[in-house]
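Working notes for the structure below.
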Amino acid sequence: MGEMKSTTTHVLEAGEGQGFATTRFQDLLGWAQKYSLFMYPFVTACCGMEFMAVTSPRHDLSRFGAEAPRFSPRQSDLLWVVGTISQRQAPVLKRIYEQMAEPKWVMAFGTCASCGGFYDNYTTVAGIDKIIPCDVYIPGCPPRPEAVFDGLMLLQDKIASGNREPAIVKPRTDPAVSHNHGVVQLRRSKDA
Amino acid sequence: MAEALVKAVQSQFGAAVLETHNQHGDETIVVDAGSWKDIAAFLRDDRRTQMNMLTDLTAVDYPDREPRFEVVAHFCSLTRGHRLRVKARVGFEDGEGAEIDSLADLYGSANWMERECWDMFGVKFKGHPDLRRILMYPEFEGHPLRRDYPAQKIQPLVPYRDVDNIEKLPPFGDDMGMSFGRQTHAFGSHEE
């Protein structure tokens, strides 16, 4: 982490302690932006506990260049939507998003923010992408801090490469496969 | 102890007590909706009852009964340590005419609980100082905990945004997850 790894970057050595690199301006800008994320935590539900764990020293989100929370949307460029969004709250979230200055990114933290979770009813927004665009989805109820780091690094990859497609955090290993040594076994009934 | 309570109400109000029953040691009386407030005042003020706390007030919807809603109040006496559940049946089969006296000037806790009951079931409380919705937003139509409210009906405050490429919303395809971790890093290979 930290070095510029774009394929368009060329480091030209000119001796010890000297030299210069050529790159594209967009690559340089993306490299700078991805390590200076000012985050706005929009915390509404129980995922907030896991968000606290992520930002506190044990897991320490600030290692990834996303340290400073800004509680004004005008000063922040990464919106963390942490928890369930109700229909009544949806206008507030949309207004917060609209107040943020470009460039801005949105993380859906947890299943409820991503798709509504098990709240399939009259009062819950079935995913924040119904009202605002979302860059990274982090599933989990709540997601582990490691999954959140995967989400943040995924977003940083996307910022560096200028990719605005939404993406989702996936498990590093498939639990159905890893617990059975590579073979997915179905339980047989007694009659068979 | 609680049986004496029922007898006290019966001797005071006579025919207004429609039926009584006992479930797991909890006494319940079903009363005429017209005497609702008088009985609550009696329960609060009489020396034998001293029900100084209204624990809960809600309603139950029985769509195939003619007084369709059952308004349920749970009274509790902190000084004498007994409880009583009082029910009253209101409303026609189409949901209209569900009206009952408000207890808000007898019990402070009735204020918000009656607002919730109005919001969820559409039971009107006559004499309530501020009968607005409390959980749903003012633009919401209907009462969601009625049995005939469609389970899938949502009423978004913010119009859902149009998404050109609906495949970009979850669930994603296999190739749209993390650009790392599954070794599909697109731009990480450094050219020598």
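The values are calculated or read from the model by the stated rules, or taken from the named source; none is laboratory data. It should be emphasised that the depicted structure is a prediction, and the values quoted were computed from it without experimental measurement. Here the Cβ is made from the backbone with ideal geometry for all residues, glycine too, and neighbour counts use every protein chain on show. Calculation scope for accessible area: heavy atoms of the full protein, side chains included, ligands and nucleic acids excluded. Shrake-Rupley method; radii C 1.70, N 1.55, O 1.52, S 1.80 Å.
Right, B:GLU3: assigned to a helix (DSSP H, G or I) and at pLDDT below 90 or not? Judged against the criteria, B:GLU3 is a match. Take the conditions (1) under 18 Å from the mean Cα position of the chain (by Cα); (2) under 23 Å from B:ASP64 (Cα atoms); (3) not acidic (Asp, Glu); B:SER102 misses just one of them, which is (2).
The residue that is nearest to the chain's Cα centre (by Cα), among those in the range A:104-124 that are more than 10 Å from chain B (Cβ to nearest Cβ) and aromatic (Phe, Trp, Tyr), is A:PHE109.
Once the range B:27-66 is narrowed to residues that are open to solvent by 50 Å² or more (accessible area, probe 1.4 Å) and of a type in the set (Asp, Glu), the residue that is farthest from B:ARG89 (Cα to Cα) is B:ASP45. Counting only residues that are in contact with a helix residue (DSSP H, G or I) (Cβ under 9 Å, 6 or more places away or on another chain), part of a strand (DSSP E or B) and over 16 Å from B:LEU145 (Cα atoms), the range B:57-89 holds 7 of them. A count restricted to the range B:21-56 and to residues that are in contact with a Leu (Cβ under 9 Å, 6 or more places away or on another chain), part of a strand (DSSP E or B) and under 22 Å from B:ARG68 (Cβ atoms) stands at 4. Where helices (runs of 4 or more DSSP H) fall entirely within the range A:27-144, those with at least 1 residues that are of a type in the set (Ser, Thr, Tyr) and farther than 30 Å from B:GLN152 by Cβ are at A:47-55. Is there a residue in the range B:158-169 that is touching a residue at least 12 places away in the same chain (Cβ under 8 Å) and surrounded by 14 or more Cβ atoms within 10 Å (Cβ to Cβ)? No, because not a single residue in the range B:158-169 is touching a residue at least 12 places away in the same chain (Cβ under 8 Å) and surrounded by 14 or more Cβ atoms within 10 Å (Cβ to Cβ).
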